[in-house]
Number of protein chains: 2
Amino acid sequence: MIWGPFQMVKDKKQSRPKAETPKGFRDYFDQEVSERNEMLQQVARVYHHHGFDALETSAVENVDALGKFLPDVDRPNDGVFAWQEDDNSWLALRYDLTAPLARVYAQYRNELPNPYRRYSMGPVWRNEKPGPGRFRQFYQCDADTVGASNVSADAEVCAMLADALEEVGIPSGDYIVRINNRKILNGVLEMIGLENQAERLAVLRVIDKFDKVGVQGVEELLGSGRLDASGAYIDGVGLSKDQAAPVVAFLTAKGDTNEKTLLNLRDVVGNSSTGLEGISELDMMAEFLTVGDYTSKRVQLDPSVVRGLEYYTGPVFEAELTFEIYDKKGRKRQFGSVAGGGRYDDLVKRFTGQTIPATGVSIGVDRLMAALRDKAGSQIDTIGPVVVTVMDRERLNDYISIVSELRSAGIRAEMYFGNPKNFGNQLKYADKRRSPLAIIEGSEERDKCSIQIKDLILGTQLAKSATLEEWKERPSQFTVPRNEMVSTVQEMLKALKK
Amino acid sequence: MIWGPFQMVKDKKQSRPKAETPKGFRDYFDQEVSERNEMLQQVARVYHHHGFDALETSAVENVDALGKFLPDVDRPNDGVFAWQEDDNSWLALRYDLTAPLARVYAQYRNELPNPYRRYSMGPVWRNEKPGPGRFRQFYQCDADTVGASNVSADAEVCAMLADALEEVGIPSGDYIVRINNRKILNGVLEMIGLENQAERLAVLRVIDKFDKVGVQGVEELLGSGRLDASGAYIDGVGLSKDQAAPVVAFLTAKGDTNEKTLLNLRDVVGNSSTGLEGISELDMMAEFLTVGDYTSKRVQLDPSVVRGLEYYTGPVFEAELTFEIYDKKGRKRQFGSVAGGGRYDDLVKRFTGQTIPATGVSIGVDRLMAALRDKAGSQIDTIGPVVVTVMDRERLNDYISIVSELRSAGIRAEMYFGNPKNFGNQLKYADKRRSPLAIIEGSEERDKCSIQIKDLILGTQLAKSATLEEWKERPSQFTVPRNEMVSTVQEMLKALKK
């Protein structure tokens, strides 16, 4: 049996396929790959140091094991990439690393340590409409503790998130981990007498827009409605002013200190037991974090954190980068959120019927990567290999032996493998590879047991600005005895790294 | 719009989903993940040192960009995981790393250096019937040079494969890279007058069975046919004895030395120019390899390499592990092939119409990993984190501060996050985590500014075999002053690593 799609392609006119990355996907080249790997390793080291073990699940899951757990219910179009098997079952690509964790925990719960603490990193896939900077495959890097009900586990995750950000090169002061708690909001809703689930959900959706529409916008949307920027009128939830006020007070409860914030929150929840529980959890987390020396410069309570409130059941947190960068048009802007997490106690229940407490964090690797690149420029050495050029194609053996010698001395090197006929092409190639230098051995050099070295980096610099005098004084191409080749190259590379 | 599969799940009875890895997929835990990552990094270092740059394409490709390029045409059922998009186009998961490379090369050919030398590592997916040790997602680790026609590029890949195997811990003598050339076979077929493509393909299919059926089997299958082990009669290709003989002579041409092998091959191809070209290529490769000191102990010519002959167009090579291992039933066996590659000059042509020479290697990461594990046992430190137990749940802050202190000293540590009520469960947890030691601080210790350390590894050893005397002499649980905790733990961990 030949697969449907191939059959189709075969039957079509014999046109050539277009060479293009599928819409919404991207390719990563060279330093993009190595820098990300480096960053993932740094984060993994932090997670591991905190006691988490690695887990790598398959990219593919049974669709019913995934369920529909996308945190962002505001985008009902969002979905997964799924397909039907020959036996009519459905498979899908994972859309995050949490759903597979729930499946793994349920599947192996008798063998795994309890609590189960694992980290995972890898691509996830979202069947969403792609947009600028919004891809359908991206990396996540998660750590979760499953089976821990005490919020000390949540506090640990927040502290670890701060550590991870500092490990990858974002110093204290350039980021902030902000913490909120879903239970406080539940308390507020309880207090204003909002019991109806649909109404509660509507309030959550409004709160989720707080970042965009601000206090006044939220007030309007909680009340009778609001005229959108586009001119459209958005219906409100229909709360009275008295009902809306505590919700807004909750969102704006942040004080100068954690103590002040907690006091403000106490005013908001009245005597709702759920609300007080949430406040007590925040209080405990603040205390745990202080013990571990995670001061409010790094981690702080902030009830305006609204992202994920709908998804999480207790503590919610988010890491934001606070340094300013300049966009392509030279405008100042902030990078915003690069990681988020919280407590979700219902995920495993789908499989086992048992409520299992769980808390964790997910780092948006590609966003964090982009931020690092904008902040500090490329972190990794971008020097290409030494290129040994081919002057005489009958003597490839000699060039191979030069390459072997360089490599044995620890120097990244290669022979030019293209058509050697046009020497200019060989130097163009070396330029494209960002080679620091090229080795040239013609018959003349060979006869004299010498070798030519062309300093490509100096050459480029000179070509830009040098006077004729300078050209003469600092020749970018020079001859050394053959037996001094390796040491000369080593010195040149060492000088470059300074 | 809600996605079809979810809708379906929703409409079904509200049964719980089964927590299981999809059929043919697997989950990797802990050291399995870290060991593989370690190995991938080692191989990447070797590839990079040889001048290759990283490339990571998306897991998803347009189906028509993938085409049907599975090397193993003997399994027509094999396919890819594919699904249809809303716009009716088809997407698919990549089934190897070579097809995406061809797409990338065609797409970016004006910007990329030429030749383009890249390495890629990551999972690939095959929609095959799963079997024992045969998964539908597995890792590959490839390096290819696109745009190099000279077989020095093929020789480099073979040498690099040898280096990579040694880098991951397989010493010279425990593996062999064997090289063959498709052109020689083409020469043989030319010489025996087999011009018909279908007949040639039939011969290739027979040759592909050489490993299984041996010389006699191949002779029969090339001739009139063969009685299968299962009792079924397999029709032969119908060659005469005179036609079949050179094919068999080709397969068995390996001599004691590369020189002898080349002599034998010259007898086989007669004056076929294609065949002579293939022999000359093998000869050159052998020479290049000798220059780089890749002697026949590491790399050798061997015309019995038949895997991939149908797919490749010139040199073909394969790395085989030669050390013996014992299977679960205690029987000696060899691990066989862990990597393969060769020259494929037609892959880019599908997109551009131009024939672009290319050669490369693919390492079967999971197989190699399994071999290393069988050979040497787990390479990576399997010691878990230090577990700080919770004796008094009102004093979590104290335990957190102990953990902070250990971590700051570079010690992997965590607090017990489960329900602390049952102390036995805390020690069971530490055992499951393979913790080297547990920290215990009750009120008594606290009052005396001391701390208890339970040596879990010693404890386990003693529990197995110790006499009462030994128990007394080497207590597995002891008290140290609080301010000596870190140094004591560090000493214990250092002793373990010896």
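What to note about this one:
- Across the identical copies, how the A:Lys332 labels are spaced - nm, sorted shortest first, 7 Å along Cα→Cβ: 7.6
- Other residues with beta-carbon under 12 Å from the beta-carbon of A:Thr252 carry, at +1 per Lys or Arg and -1 per Asp or Glu, a net charge of -2.
- In order along the stretch A:359-376, phi translates into HN-Hα couplings of 8, x, 9, 10, 9, x, 4, 5, 5, 4, 4, 4, 5, 4, 5, 5, 6, 10 Hz, rounded to whole numbers, per the Karplus curve 6.51 cos²θ - 1.76 cosθ + 1.60 with θ = phi - 60° and x for Gly and Pro.
- Sites A:Asp431 and A:Ala249, calculated FRET efficiency, Cβ-Cβ separation with R0 60 Å, nearest 0.05: 0.45
- Cut-off 14 Å between beta-carbons: net charge of the residues surrounding A:Asp345, Lys and Arg +1, Asp and Glu -1: 0
- Length-normalised contact order of the stretch B:386-497 in % [C-alpha pairs under 8 Å, at least 6 apart]: 25 percent
- Loop-located chymotrypsin sites (Phe, Trp or Tyr not before Pro) in the stretch A:209-257, at most 11 other Cβ atoms within 10 Å (DSSP): none
- Compared with the dominant principal axis of the Cα atoms in chain A, helix A:485-497 is inclined by about 30°.
- Each other residue within a Cβ distance under 13 Å of A:Ile179 adds +1 if Lys or Arg and -1 if Asp or Glu, for a net charge of -1.
- When the charge dipole of chain B is built from unit charges on Cβ atoms (+1 for Lys and Arg, -1 for Asp and Glu) and taken about the Cα centre, the candidate among B:Leu321, B:Asn425, B:Pro113 whose Cα reaches farthest toward its positive end is B:Asn425.
- Once C-alpha pairs closer than 8 Å and six or more residues apart are averaged by separation and normalised to the residue number of the stretch B:269-396, the relative contact order reads 14 percent.
- Across peptide B:45-58, the mean count of Cβ atoms from other chains lying within 10 Å of each residue's own Cβ comes to 6.
- When peptides A:357-363, B:48-54, B:453-459, A:442-448 are ranked by their average number of other Cβ atoms within 10 Å per residue, the highest-first order is A:357-363, B:48-54, B:453-459, A:442-448.
- Extension gain (nm, one decimal) between B:Leu496 and B:Glu287, 0.36 nm per residue minus Cα-Cα: 70.4 nm
- With its label point defined 7 Å out from Cα along the Cα-to-Cβ axis, A:Glu444 lies at 9.0 nm from the matching points of the other copies, in increasing order.
- Inter-site label distance for A:Arg333 and B:Asn422 at 7 Å from Cα along Cβ, in nm: 5.4 nm
- The helix-only estimate of mean residue ellipticity at 222 nm for chain B, built from DSSP H runs of length n ≥ 4 each weighted as -39500 (n - 2.57), is -12500 deg cm²/dmol after division by the residue total.
- Remark: label point of B:Lys260 defined 7 Å out from Cα along the Cα-Cβ vector; separations to the same position in other copies 8.9 nm, ascending.
- Projecting the Cα atoms of A:Ser476, A:Gly410, A:Ile451 onto the charge dipole of the stretch A:386-497 (Cβ charges, centred on the Cα centre) puts A:Gly410 farthest toward the positive pole.
- Chain B holds its axis-closest Cβ, relative to the rotation onto A, at the residue and whole-Å distance B:Trp83, 2.
- Relative counts (whole %) of C-alpha pair distances in chain B, using bins that are 20 Å wide: 18, 41, 27, 13, 1
- Mean Cα-pair separation over length for chain B, i.e. relative contact order, pairs under 8 Å, 6 or more apart, %: 14 percent
- From phi via Karplus (6.51, -1.76, 1.60), per-residue ³J(HN,Hα) for the stretch B:270-283 in Hz, x at Gly/Pro: x, 10, 5, 5, 4, x, 5, 4, x, 5, 5, 5, 4, 4
- Each residue of the stretch B:403-410 is assigned a 3J(HN,Hα), and the resulting list reads 4, 4, 4, 5, 4, 4, 7, x Hz, derived from the Karplus form 6.51 cos²θ - 1.76 cosθ + 1.60 (θ = phi - 60°), x at Gly and Pro.
- For residues of B:162-168, the mean tally of beta carbons on other chains within 10 Å: 0
- Taken along its three principal axes, the alpha carbon spread of the stretch A:323-418 comes to 73, 47, 24 Å, from the longest extent down to the shortest.
- The calculated P(r) of the stretch B:385-444, using every Cα pair and 10 Å bins from 0, goes 25, 58, 18 in percent.
- Seen from all directions on average, the stretch B:292-345 presents a Cα convex hull projection of 5.1 nm².
- Label-to-label distance, nm, for residues given as B:Lys260 and B:Asp87 (7 Å Cα→Cβ offset): 6.2 nm
- Label-to-label distance, A:His48 versus A:Glu199, with points set 7 angstrom from Cα along the beta-carbon direction: 5.3 nm.
- Once the gyration tensor of the Cα atoms in the stretch B:386-497 is diagonalised, the equivalent ellipsoid follows with semi-axes of 21, 16, 15 Å, ordered largest first.
- Under-5 Å amide H pairs with A:Gly384, H placed in peptide plane, nonlocal only: A:Ser435
- With a 10 Å cut-off around each Cβ of B:106-119, the average count of Cβ atoms from other chains is 4.
The numbers here are math on the coordinates, done by the rules we state, and not lab data. These numbers come from a predicted model, not from an experiment. Quick reminder, even Gly has a Cβ in these numbers, built from the backbone with ideal geometry, and neighbours come from all protein chains shown.
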